[in-house]
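The values are calculated or read from the model by the stated rules, or taken from the named source; none is laboratory data. The model shown is predicted, which means the values in this text are computed figures rather than measured ones. Because the Cβ atoms are built from the backbone with ideal geometry, glycine has one as well, and the counts that use them run over all protein chains shown.
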Amino acid sequence: MNVLVAVASRHGATWEIGAAITSVLAARGHRADLQEPAQVSTLAGYDAAVVGSAVYLTSLLPDARDLVERLGTELAARPLWLFASGLASPTSGARTTSELAALGERLGARDNRLFRGRLERAGLSFAERVAAAGVLNREGDHRDFSAIERWASTIADELEQVRVERARATA
Ligand SMILES: Cc1cc2nc3c(=O)[nH]c(=O)nc-3n(C[C@H](O)[C@H](O)[C@H](O)COP(=O)(O)O)c2cc1C
């Protein structure tokens, strides 16, 4: 199956989560393309999609939201998975989780996940340090690549099922 993995990231941490998902899908025999959402103008040629975004100020990044606005119909017509990555406090985490769930429901996504991210104070601009005040005490790399790879593996399983069902339907 041809899978689009579209990931909005500002400082690279979420992009690397997308790269890990892409590697698992490729290792399981799927053709997975990791792309920035702004580079995606159509889903033609893709059988399925995974859309991910870093969380900033309790929300998905504008590029991810814009992708969903532009190509929502095409995304909804395919097996779709959503993820976000942040370092939320329980309150802002709840907001992100409900944003993801609402998006998932609207697009008929098969699953959505909120993963823990990475924050490196040294890489932030002054404005970002001020904006990130609520999460700066969570500095560090909290990404759980085992959990991410397990999730990607469940996506690969479901894609395989879809492939088999489609092959049966056309036989
Ligand atoms: C300015 C700023 C605001 C942030 N706001 C949130 C937030 O509201 N909720 C959250 O869970 N994480 C927040 N984070 C943490 C980021 O989501 C986390 O560092 C993420 O892994 C960054 O991903 P990226 O490297 O792909 O941009 C914020 C980080 C920064 C720098």
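Regarding THR58, is this residue within 16 Å of the ligand (Cβ to nearest atom), more than 10 Å from the chain's Cα centre (by Cα), of a type in the set (S, T, N, Q) and under 18 Å from TRP151 (Cβ atoms)? Considered against the rule, which asks whether it is within 16 Å of the ligand (Cβ to nearest atom), more than 10 Å from the chain's Cα centre (by Cα), of a type in the set (S, T, N, Q) and under 18 Å from TRP151 (Cβ atoms), THR58 comes out as no. Among the residues of region 114-165, those identified as over 26 Å from ASP47 (Cα atoms) and buried (at least 17 other Cβ atoms within 10 Å of the Cβ) are ARG116, GLY117, ARG118, LEU119, LEU124, ALA132, VAL135, ARG143.
It is to be established whether one or more residues within region 70-84 are polar (S, T, N, Q), over 15 Å from ALA8 (Cα atoms), in contact (Cβ under 8 Å) with a residue 12 or more places away in the chain and loosely packed, with under 14 Cβ neighbours inside 10 Å. Within region 70-84, not a single residue is polar (S, T, N, Q), over 15 Å from ALA8 (Cα atoms), in contact (Cβ under 8 Å) with a residue 12 or more places away in the chain and loosely packed, with under 14 Cβ neighbours inside 10 Å.
Rundown of residues vs (1) within 8 Å of the ligand (Cβ to nearest atom); (2) at pLDDT below 95, yes/no style:
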| site | (1), (2) |
| --- | --- |
| THR91 | no, yes |
| THR96 | yes, yes |
| LEU100 | no, yes |
| LEU103 | no, no |
| ARG110 | no, no |
| ARG118 | yes, no |
| ARG121 | no, yes |
| PHE126 | no, yes |
| ALA131 | yes, yes |
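To keep it simple, each residue is scored yes or no on (1) in contact with a Ser or Thr (Cβ under 8 Å, 6 or more places away or on another chain); (2) at pLDDT below 95; (3) buried (at least 20 other Cβ atoms within 10 Å of the Cβ).
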site	(1), (2), (3)
ILE21	no, no, yes
LEU25	no, no, yes
ARG28	yes, no, no
ALA32	yes, no, yes
GLN35	no, no, no
SER41	no, no, no
ALA48	no, no, yes
GLY52	yes, no, yes
LEU67	no, no, yes
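Conditions first: (1) closer than 16 Å to ILE148 by Cα; (2) β-branched (Val, Ile, Thr); (3) assigned to a helix (DSSP H, G or I). VAL68 passes all but one, so which condition is the exception? Unmet condition: (1).
Inside region 54-65, residues that are surrounded by fewer than 22 Cβ atoms within 10 Å (Cβ to Cβ) and either within 24 Å of GLU158 (Cα to Cα) or at pLDDT below 95 (or both) make up a count of 4.
Filtering region 1-35 to residues that are more than 16 Å from GLU149 (Cβ to Cβ) and more than 11 Å from the ligand (Cβ to nearest atom) leaves MET1, ASN2, LEU4, ALA6, ARG31, ASP33, GLN35.
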